[in-house]
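Since every read-out is calculated from the coordinates, none of them should be taken as a lab result. These numbers come from a predicted model, not from an experiment. For neighbour counting, all protein chains shown are included, and Cβ atoms are generated from backbone atoms with ideal geometry for every residue, glycine included.
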Amino acid sequence: MSQARFTISDPRHSSIRMWVGAFLIALVFSSALLAPVIAPSKTFLWPVPVNLDAINLPPFSQGHLLGTDLLGRDILAEALWGARMSLVIGIVAAVTAVTFGGVWGALSAFLGGPIDTLMMRCVDGLLAIPNIVLLLTINTILSAGSFYSFPDWTLRFLKVTSFSSGYLPLFTVIVVISATTWLEAARISRSKIQSILLEEYIYSAKALGIGVIRMLFRHLLPNAAPVLLVEATLLVSDAILMEAGLSFLGLGLGPSTPSWGSMLTSAQSSLIEGNWWAVIVPGVLITTTVVGVNLVGEGILEGQGGKRQTA
């Protein structure tokens, strides 16, 4: 089981890390924003058309700067639209996980006693289960077959029909990733809130009879926000990697919806025919994004006087 600890670092290094990371992230976000300009499409879910007459074309082919995949889809267009989908999954899943985990940890620390023990033993119990097991279990529960038993308004909201899964795969992936990454945020939140509870203004607030909800959202969570923000930043890269892993197992967004993970999955068959560029492009983009996000997160943390490590 991993634990976070902090060591003092040179502030100049944090500045360099942040600038390098911010530059890498800016490149990725720019490519995502330029997707509708470079590769226009009328739909967000199926933006790259199939062209069986242009299968596995190498880079710098006419009309295909980065070549095509085994279905003749332009890899540059897939990479640009896949950046949008991967970033959406990473950011939304990270924010959801940190929000839920932050509230859980803060509430546990504030209530204390047996309730605190029970809540954190639940977290410890889930942390003891391998992530892949949790991912597969939750993914099965939220699979398309079981989801059709949900209320009709949820199906309409996710645009699920008899011939299309709509946004259901996107929703499922975000929920699955959030449900397996909020645990560490809960532990970090609890640790920070426990130190905040020792401050004099908290004793004054308690003496004035301020309620639990107001105490959490007015005094505790805002003061724990900087630490949770760093955790959210680092979870973005984790979420992107987890989406790629789910897609590799065939549990991600599916081949029709471009994401870097689905591109890697579909590129496996292309390798047999010598199409290495279909693997290199999403692999480089995932690596660039993960490195950039981690550099920014560690730079922020070092700027606060510490460095997040695991042991």
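Using only alpha-carbon positions in region 204-281, the gyration tensor eigenvalues give semi-axes of 47, 12, 7 Å once each is multiplied by 5 and square-rooted (largest first). Taking amide hydrogens as placed 1.01 Å from N in the peptide plane, the amide H of Ser61 sits under 5 Å from those of Gly67, each at least 5 positions away in sequence or on another chain. Between the listed residues Tyr203, Trp182, Trp277, the Cα displaced farthest toward the positive end of the dipole of the chain, a dipole computed from Cβ unit charges relative to the Cα centre, is found at Tyr203. Would you mind classifying region 54-116 by shape? Square roots of the alpha carbon gyration tensor eigenvalues, ordered a ≥ b ≥ c; an a/c under 1.5 is rounded, otherwise it is prolate if a/b is larger than b/c and oblate if not. Prolate is the answer for region 54-116, as a/c is 1.5 or above and a/b outweighs b/c. Radius of gyration over Kirkwood radius for the chain, both on Cα atoms: the Rg/Rh ratio is 1.03. Helix 113-127 against the longest principal axis of the chain: what's the angle in degrees, Cα atoms only, rounded to the nearest 10? That works out to roughly 20 degrees. Per-residue ellipticity at 222 nm, computed for the chain from helices alone with -39500 (n - 2.57) per DSSP H run of at least four residues, works out to -22000 deg cm²/dmol. Packing around the peptides 107-114, 187-194, taken as the average count of other Cβ atoms within 10 Å per residue, puts them in this order, highest first: 187-194, 107-114.
Compared with the dominant principal axis of the Cα atoms in the chain, helix 221-248 is inclined by about 30°. The calculated FRET efficiency for Leu271 paired with Ala22, based on their beta-carbon distance and R0 = 30 Å, is about 0.35.
Please give the contour-minus-distance gain from Tyr203 to Ala128: 0.36 nm per residue of separation, less the Cα-Cα distance, rounded to one decimal in nm. Length gained, Tyr203 through Ala128: 23.5 nm. Based on the alpha-carbon gyration tensor of region 170-311 and its eigenvalue square roots a ≥ b ≥ c, which shape applies: rounded if a/c is under 1.5, prolate if not and a/b is larger than b/c, or oblate? Cα axes put region 170-311 in the prolate bin. Listed values for region 84-98 are Karplus-derived 3J(HN,Hα) couplings in whole Hz (6.51 cos²θ - 1.76 cosθ + 1.60, θ = phi - 60°), namely 4, 5, 5, 5, 4, 4, x, 6, 5, 5, 5, 5, 5, 5, 5, and x replaces Gly and Pro. Placing dummy labels 7 Å off each Cα toward the beta-carbon, the span from Thr287 to Leu65 is 2.0 nm.
Going by neighbour counts of Cβ atoms within 10 Å, the residues Ser262, Ser31, Ser204 line up, fewest first, as Ser204, Ser31, Ser262.
For the pair Ile280 and Val50 in one chain, pulling the backbone fully straight at 0.36 nm per residue adds 80.8 nm over the alpha carbon distance. Computed from backbone phi with θ = phi - 60° and the Karplus coefficients 6.51, -1.76 and 1.60, the 3J(HN,Hα) list for region 281-290 is 4, x, x, 5, 5, 4, 4, 4, 5, 5 Hz; x is used for glycine and proline. Only Lys, Arg, Asp and Glu carry charge here, each on its Cβ (+1 for the first two, -1 for the last two); on that basis the chain has a dipole of about 700 debye about its Cα centre. Ranked by how many other Cβ atoms sit within 10 Å of their own Cβ, fewest first, the residues Glu243, Glu298 fall in the order Glu298, Glu243. In region 194-311, Cα pairs under 8 Å separated by at least six residues give a relative contact order of 22 percent. For region 185-229 and region 72-102, what is the separation of their Cα centres, given in Å? About 31 Å separates the Cα centre of region 185-229 from the one of region 72-102.
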